[in-house]
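Here the structure comes first, spelled out in structure tokens, and everything after it is commentary.
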Amino acid sequence: MAKVPVLAILPPVIFAGIAGLFFSGMYFGNDDKLPSTFIGKEAPALPTEALEGTVQLTPEMLRSGEVTLVNFWASWCPPCRAEHPVLHELAEQGYRIAGVNFRDTQGAASDYLAELGNPFFATGFDATGRGSIDWGVTAPPETFIVDGDGTVLYRFAGPLIGADYESRFLPELEKALGN
């Protein structure tokens, strides 16, 4: 029987170990949550510009005494288009939804709302995406639940559709409303 050199076995063993660590990191212990450093803290600064023809979103609006949803979206974002009917449903049910459009143009964003309707009571326009970075937004859409005193209660990354929306977002919204 031939002896196999240790150096010939070592690379596959190391590879298998690293692959196992990556696999376990992807599937265990992350609970499908993206942490937000703003949970429990005052909402970050808002863009100082609104979409043309809409009301400017201000910090005072986030401290109105009412729970507010702050939705970050873009006209070029397919998941944003998919969640848009849900935003309309929530607005029709009386939820306060503010929209922050980012990394977009005024024209494209305005055309998007003209085509699909505007569920937002106020908007912010962040052409460069700098303000969105301050909120910790990684990619649109992302929605934050903000308490009536301007405190960020919850962050939901992804479109407000499907089972994830129903099982994670809606319970947090009900909790924020005290229901």
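Some notes on this structure:
- The one condition from (1) at pLDDT 95 or above; (2) under 20 Å from Thr48 (Cα atoms) that Ile133 does not meet is (1).
- Residue check for Gly148: within 19 Å of Gln56 (Cα to Cα) and not in a loop (DSSP other than H, G, I, E, B): no
- Contacts under 7 angstrom Cβ, first residue in the range 116-139 being over 16 Å from Thr105 (Cβ atoms), partner open to solvent by 20 Å² or more (accessible area, probe 1.4 Å) and not in a loop (DSSP other than H, G, I, E, B), 6 or more apart: Gly117/His88; Pro119/His88; Pro119/Ala91; Phe121/Arg96; Ala122/Gln56; Ala122/Met61; Thr138/Ala157
- Restricting attention to the range 135-152, the residues that are surrounded by 15 or more Cβ atoms within 10 Å (Cβ to Cβ) and within 11 Å of Phe102 (Cβ to Cβ) add up to 5.
- Output for the range 85-106, where each listed residue is surrounded by 15 or more Cβ atoms within 10 Å (Cβ to Cβ), free of Cβ contacts under 8 Å to residues at least 60 places away in the same chain and part of a loop (DSSP other than H, G, I, E, B): Arg103, Asp104
- Close pairs (6 angstrom Cβ cut-off, 6 or more residues apart or separate chains): surrounded by 14 or more Cβ atoms within 10 Å (Cβ to Cβ) in the range 153-167, charged (D, E, K, R) anywhere: Leu153/Asp147; Tyr154/Glu172; Ala157/Glu142; Pro159/Glu83; Leu160/Glu83; Ile161/Glu83
- Any hit, the range 126-133, residues being surrounded by 18 or more Cβ atoms within 10 Å (Cβ to Cβ) and part of a loop (DSSP other than H, G, I, E, B): no
- Selection from the range 51-84 of residues that are surrounded by fewer than 21 Cβ atoms within 10 Å (Cβ to Cβ), aliphatic (A, V, I, L, M) and assigned to a loop (DSSP other than H, G, I, E, B): Val55, Val67
- Residues satisfying the criterion are present in the range 112-120 (criterion: in a loop (DSSP other than H, G, I, E, B), closer than 18 Å to Cys80 by Cα and either among the aromatic types (Phe, Trp, Tyr) or open to solvent by 50 Å² or more (accessible area, probe 1.4 Å) (or both)).
- Of all the criteria given as (1) assigned to a loop (DSSP other than H, G, I, E, B); (2) in contact (Cβ under 8 Å) with a residue 60 or more places away in the chain; (3) more than 16 Å from the chain's Cα centre (by Cα), the one not satisfied by Pro44 is (3).
- Residues that are of a type in the set (Asp, Glu) and closer than 28 Å to Leu177 by Cα within the range 74-133 comprise Glu83, Glu89, Glu92, listed in sequence order.
The values are calculated or read from the model by the stated rules, or taken from the named source; none is laboratory data. Values in this document were obtained by computation on a predicted structure and should not be read as measured data. No Cβ is skipped: glycine too gets one built from the backbone with ideal geometry, and neighbour counts run over all protein chains shown. SASA here: full protein model, heavy atoms, side chains in, ligands and nucleic acids out. Shrake-Rupley method; radii C 1.70, N 1.55, O 1.52, S 1.80 Å.
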